[in-house]
Amino acid sequence: MRRLALILFALAALAPALFADFGDGGDYSGGSSDGSSSSSSSDWGSSSSSSSDWGSSSSSDYGSSGGGSGEFTSEDAIWLGITVVVILVICGGSIISQSISARVRYKAAQAEQAAPAPDWAEPIRATDPNFSRVLFMDFANLVFVKYHEARGKQGKREMILPYLGKSLRQTVMNDSTSVDGVVVGGRAVKGAGYDSGGAFVTVIFRANVFEIVGGARTRTFVEQALTFAAPPNYQTPAPDKLMALGCPKCGSPEELALDGRCKSCGASADAEKGWQVIAAAQIKREVKGPEQRRIGHFNRGLDKPTIFDGNLGAALRELHARDTAFSLEAFRRRAEHIFRELQEGWAARDVARLRPHLTDGLFNSVRFALTRNDDLRLQYVCADINIYKFEVARIEHDAFYDAITVRMFCTMVDYALDAQGELFKGDNKSKRDYSEYWTFLRRSGVSGSHDAGKCPSCGAPLDKINMAGVCGYCNAKIVSGNFDWVLAQIDQDEEFRG
């Protein structure tokens, strides 16, 4: 009877291990380090006067033999040892089985996650081999920002009108609401293709638009779909020309005349048109009001799995083949340097520190955000930056660019103080833990790497880079990606769609 009790006790003690679902909270945190129960009043093998201890005397003895003294004999110990070994073998088999099952589930999930997504740019590239997904998204972001800034009687309409269809040009000029800035939080392609009318791409933007209504500045969240269209047989021009906006024929930045013609060369915007926004559909609009205090850290997408491109491995091998000097470690050092420069330059309100590393489209958004901080008299503090995980999620190649999207995980001190020195955003008592997807681009054909703290063209310090991104020492536009990797896009982890 005693041996039966030993077996039953061992089974009961090991039952949690047999039935624990590893990965769903079935761990050993509830027990002490030696395997005993944390609530037990005695260790294994100890003697005690407690009536519940092993070796205690009791009128209802557990099957003692011989004198029936109730002692825990050496034979009992052997039986207990055998029982524990058997149970551990069973338990071990269960653990291995569950581990294998978990790995299979993980690999299945990984395979599903890694399934190649359809390339929305492929139908457009069939007739426009120069079409660049990365370049187009940078261009679309710039047009979205300029489109909103053109609204109202006081709108800044230089450069942007040739890129709006006729009806939208009139709409922005008749709008009663003016806009003094836009911060884009996320963008994603909803649909794209090519038909008898030419190429088309619909991009959904999620952004904060700062509107002037009745003299008051109001923050409004918008989710808006812009449909871009290009005429049949249109060929994407060189990146510098596309991103310059202005007249599609001569490049003049002047606002169009009332008849839709360029004031410099007389060309009609519609006759010379390339990509134009032909429709703007409102999906969501929420007036948020003036900027409010937001205390604490909010990391909504940190626990989401990284979205890897299904062709990542092949794309990396192809990049190595095109650029035999490419080093993922060197790229990581540059990317992390830019990450730190952006955080620290943001906190220091040092636009010149940011400019060498950002494409024109991204720089415009960041510069506006810094201006907004100045208007609100906010002082940001960013310190103790620790990038603890760096994951390459996507590699792209087209006629103009190589592009690498990475997800960076970081902890840092991150908060903002108002003009009175009171906490306005974030948390000054704990670190922020978050991740973002950053996309870097470099012109196709460029190879090797340069010191991230120096001009990639001439090697001079970065202390004479003007707001156009041109080096004062060698007169090279270093933010074009013509020399090394520059940052083109930042997506929040909860917004990124791959």
In Å, the C-alpha Rg and Dmax of the range 448-487 are 8.9, 26
Set 288/429; 454/477; 241/477, cut-off 19 Å on Cα-Cα distance; pairs above it are 288/429
For the pair residue 170 and residue 329, the simple spin-label estimate (label points 7 Å beyond Cα toward Cβ) gives in nm 6.3
Gyration tensor on Cα atoms of the range 149-200, a ≥ b ≥ c root eigenvalues, a/c under 1.5 rounded, else prolate if a/b beats b/c, else oblate, says oblate
Sorted on mean Cβ neighbours within 10 Å (highest first), peptides 322-328, 308-314 come out as 308-314, 322-328
With +1 on the Cβ of every Lys and Arg and -1 on the Cβ of every Asp and Glu, the dipole magnitude of the range 399-498 about its Cα centre, in debye rounded to the nearest 20, is 420
On the accessible surface of the range 374-498, probed at 1.4 Å with all protein chains in place, carbon and sulfur together account for a percent value of 44
For residue 389 the rounded accessible area (nearest 10 Å², probe 1.4 Å, non-protein molecules ignored) is 80
Percent of all alpha-carbon pairs of the range 344-498 at distances over 23 Å, whole number, is 45
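The values are calculated or read from the model by the stated rules, or taken from the named source; none is laboratory data. Quick caveat, the model's predicted, so the values are computed rather than measured. Every residue, glycine among them, receives a Cβ derived from its backbone with ideal geometry; neighbour counts consider all protein chains shown. With ligands, DNA and RNA removed, areas are computed over all heavy atoms of the protein, side chains included. Shrake-Rupley method; radii C 1.70, N 1.55, O 1.52, S 1.80 Å.
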